[in-house]
Amino acid sequence: MSERWYTESVIYCLDVETFQDSDGDGIGDFQGLIGRLDYLTRLGINCLWLHPIHPTPGRDDGYDATDFYGVDPRLGTLGDFAELLHEAANRGIKVIIDLVVNHTSDEHPWFRSAVASKDSPYRDWFVWSDTEPADRHQGMVFPGEQSETWTYHRRARAWYYHRFYDFQPDLNYANPQVRAEIKKVLAFWLQLGVAGFRMDAVPFIIELTDPGRSESPMDFDYLSELRRHVQWRRGDAVLLAEANVEPEALPQYFGDAGGSGNRIHMLFDFMLNGRLVLALARQNPEPVIEWLRTTPKLPPGGQWATFLRNHDEIDLSRLTAEQREDVFAEFGPDESMRLYDRGIRRRLAPMLGGDRRRLELAYSLQFSLRGTPVLRYGEELGMGEDLSQPGRYAIRTPMQWSYATNGGFTDATPIRPVIASGAYGYKTVNVTAQRHDDTSLLAWFERMIRTLRESPEVGGGTCTPIDQPLPPGVLVHRADGPTGTMVFLHNLGETPAKVDLGSLSAEAHHPNGVFADQDYGSVGDLSALELGPYGYRWIRLHRTS
């Protein structure tokens, strides 16, 4: 792969503990994942993103680490992880891991030392206030589950800051020692062989918090420091950041004011995600078109990571109140389906009523838009959620492999219940069943990803909506790159449509359809392109020799 391999990738995200158990303890592990790498290879995956793998008390699904240099013993040993990296590399799969360094667990040795004495060498590694901060009850990430962001610690005799839960004290990035230590953490994992990091909560990492100061300064220079450090240690390593911020702030995460791409390589496109869901709910592509037209220009090497579902709730906070209500009404009508008054804790298949046509349409659209697609484990099967589980755990159920007990995930009592009944139970939705069905959703994903491999314009080129009169509900966009041009048509509505793209015929050279929801026949002169209800077509306009 090239140094910008991430523009040509399909990223598959999973939690090791819920993917495959190999030793019968009910918990997924590295050896189990190694045994499933061939499945991922056949699917077409060339990059794995692993959710937190560090030792943890387990109060926030691994996002409360007690050691940034180790692995959770339930998942295996550091040697097992190294073997995973080796086996993945043999199959052309790169591995990136979660970097959750905004905070530690309150059981981390650093914090335990810090609270023991004001003279501790780790005291200033965290953010403290001797008096109760005026903004104590502001800035909560989890409304309804948090009541404050400053908590008094009796032993420390001071207030400590925590943007997330009170058992996750924030690290103090104003302290040069903290900044240096985190660079060591990155260097350690890069030396072991990881290809990069998905950085959790980046805006909070670079926020220099002062007690009582609601608008803290942002230290973007630290992102430049991390980028330089990572590139010196491994030239093709990538930083993929979670930064759900306002559109005007996004360019600062990629590079400095001079237009240099010297910070984060990739950002999750939360703005596009919210608009994709809104477009699907309204069966109207305008929200997507608007964002494609107004997306900030990225510096060279900058890339979006697109997604429909991830490990958290669908975040609708960037939509208007009216838009949110439309999405809730369509995809989260019951209160049990919602989370934090801003999101939906469901997987896509049940959100779309199990309608295979709409599922294909949604993922065809995501995978054909600019950027690198990210696919959540189990989405390729159409897995469902378990709303009886608390919070985000509803969409973090174990992978469903077969008809065997617990869906083939484990023979023991699973770490989390496997969905066992209903339309999305493992006896209905599993890999084995779909492997034997050429018309299954899994087989469809394999075909789509193979087609994407032959369409490098999508990940590495430009993406432009076609600006001409179109039937209601239809989105047409093109991807242009050094290798040629692709045109994509998507009908978000249930009414068949006919699209006239004859204006593109002059630049076409033997145009042909390469992927579609049905056999539409020849594309002809592009002047009468049929689209069925929820239909889609990928057309190769021309290829550069």
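The values are calculated or read from the model by the stated rules, or taken from the named source; none is laboratory data. On a predicted model such as this, the values are computed, not experimentally measured, just so you know. Here the Cβ positions follow ideal geometry from the backbone for every residue, glycine too, while neighbour counts run over all protein chains shown. In case anyone asks, the SASA skips ligands and DNA or RNA and just uses the protein heavy atoms, side chains included. Shrake-Rupley method; radii C 1.70, N 1.55, O 1.52, S 1.80 Å.
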task: Return the pairs, sorted by first residue and then second, in which the second residue is buried (at least 17 other Cβ atoms within 10 Å of the Cβ) and aromatic (Phe, Trp, Tyr), the first residue lies in the stretch 509-532 and is within 25 Å of residue 358 (Cβ to Cβ), the beta carbons are less than 6 Å apart, and the residues are 6+ apart or on different chains.
output: 514/538; 515/538; 517/536
message: So residue 317 passes all but one of these: (1) in contact with a strand residue (DSSP E or B) (Cβ under 6 Å, 6 or more places away or on another chain); (2) assigned to a loop (DSSP other than H, G, I, E, B). Which condition number does it fail?
response: (1)
- line: The condition from (1) open to solvent by 40 Å² or more (accessible area, probe 1.4 Å); (2) at pLDDT below 95; (3) under 26 Å from the mean Cα position of the chain (by Cα) that residue 91 misses is numbered (2)
task: Go through the stretch 296-318 and give me each residue that's in contact with a helix residue (DSSP H, G or I) (Cβ under 8 Å, 6 or more places away or on another chain) and under 14 Å from residue 267 (Cα atoms).
output: 296, 297, 298, 299, 302, 303, 304, 306, 307
query: So how many residues does the stretch 416-440 have that are out of contact with any helix residue (DSSP H, G or I) (no Cβ under 7 Å at 6 or more places or on another chain), within 16 Å of residue 355 (Cα to Cα) and open to solvent by less than 50 Å² (accessible area, probe 1.4 Å)?
result: 1
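Got a sec? Which helices (runs of 4 or more DSSP H) wholly within the stretch 416-465 have at least 3 residues that are under 23 Å from the mean Cα position of the chain (by Cα)?
441-453, 457-460
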message: Suppose we keep only residues that are under 30 Å from residue 140 (Cβ atoms) and either at pLDDT below 95 or in contact with a strand residue (DSSP E or B) (Cβ under 7 Å, 6 or more places away or on another chain) (or both) within the stretch 352-382. Which one would you say is surrounded by the most Cβ atoms within 10 Å (Cβ to Cβ)?
response: 374
- request: State the number of residues belonging to the stretch 37-81 that are aromatic (Phe, Trp, Tyr) and open to solvent by 10 Å² or more (accessible area, probe 1.4 Å).
  value: 3
- prompt: So is residue 210 among the acidic types (Asp, Glu) and either touching an Asp or Glu at 6+ places or on another chain (Cβ under 9 Å) or touching a residue at least 24 places away in the same chain (Cβ under 8 Å) (or both) or not?
  reply: no
task: Give 305, 279, 257 a once-over and let me know the one that is aliphatic (A, V, I, L, M) and open to solvent by 10 Å² or more (accessible area, probe 1.4 Å).
output: 257
- request: Could you check, for the stretch 192-203, whether at least one of its residues is open to solvent by 50 Å² or more (accessible area, probe 1.4 Å), out of contact with any Phe, Trp or Tyr (no Cβ under 7 Å at 6 or more places or on another chain) and not aliphatic (A, V, I, L, M)?
  value: no
message: For a quick check of your reading of the model, give me the residue pairs whose first member lies in the stretch 219-238 and is farther than 15 Å from residue 180 by Cβ, whose second is among the hydroxyl-bearing types (Ser, Thr, Tyr) and in a helix (DSSP H, G or I), with beta-carbon atoms closer than 7 Å and at least 6 apart or on different chains.
response: 223/253; 238/6
- prompt: In the stretch 476-520, what residues are among the β-branched types (Val, Ile, Thr) and either open to solvent by less than 10 Å² (accessible area, probe 1.4 Å) or part of a strand (DSSP E or B) (or both)?
  reply: 476, 485, 487, 499, 514
